[in-house]
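Data block below; observations after.
Here, each number is a calculation from the coordinates, and none is a lab measurement. The structure presented is a predicted model; accordingly, all values stated were derived computationally and were not measured. All Cβ positions, glycine included, derive from the backbone under ideal geometry; neighbour counts span all protein chains shown.
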């Protein structure tokens, strides 16, 4: 019971020492340029949302046409390449939107290198899904493979460097 006032005092101090989170709380503390960045990011986020929505609708229309035409043959890899290529395109756009949202929510000040590397890995993965192996040049396949390997190693190194429990929330 004697520790209760000390605990309450410590809670009040820690509650006061928390930095504001989110754009609403940080807006008064931002410089003109930081506000400009936030507005640009909101517009980009909206545009990317529209692109994702239209790409999803196009994917649904394509799958519907394939099903109605009766050409969905599980043994025909070309159809699966097209479908999974479209799905990967959607995933890349959604990851790009996620990196913008992290900045908007003040979880990061700039686009993190890790996010860019992840986007590149997703784009290369998409390329491997849609590539025609028979027609592809061996040197091109080697270059793509080395790119994936190097980006994977860099992503792993960046992931190892992050310190767990450290929050980037700040104005």
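Counted by neighbouring Cβ atoms within 10 Å, the residues 61, 51 run from fewest to most as 61, 51. The modelled label-to-label distance between residue 148 and residue 71, using points 7 Å beyond Cα along the C-beta direction, is 2.7 nm.
Rounded to the nearest 0.05, the FRET efficiency derived from the C-beta distance between residue 137 and residue 90 at R0 = 22 Å is 0.20. With neighbour counts taken as other beta-carbon atoms within 10 Å, the residues 151, 53 rank, fewest first, as 53, 151. Under 1.5 on a/c is rounded, so check that first for segment 22-161, then, if it is not, pick prolate when a/b is larger than b/c and oblate when it is not; a ≥ b ≥ c are the square roots of the alpha carbon gyration tensor eigenvalues. Cα axes put segment 22-161 in the oblate bin. Ordering 161, 35 by the number of other Cβ atoms within 10 Å of each residue's own Cβ, fewest first, gives 161, 35. What the Cβ-Cβ distance of residue 79 and residue 128 gives, at R0 = 25 Å and to the nearest 0.05, is a FRET efficiency of 0.90. Available extension along the chain between residue 39 and residue 105 is 22.5 nm, counting 0.36 nm per residue and deducting the alpha carbon span.
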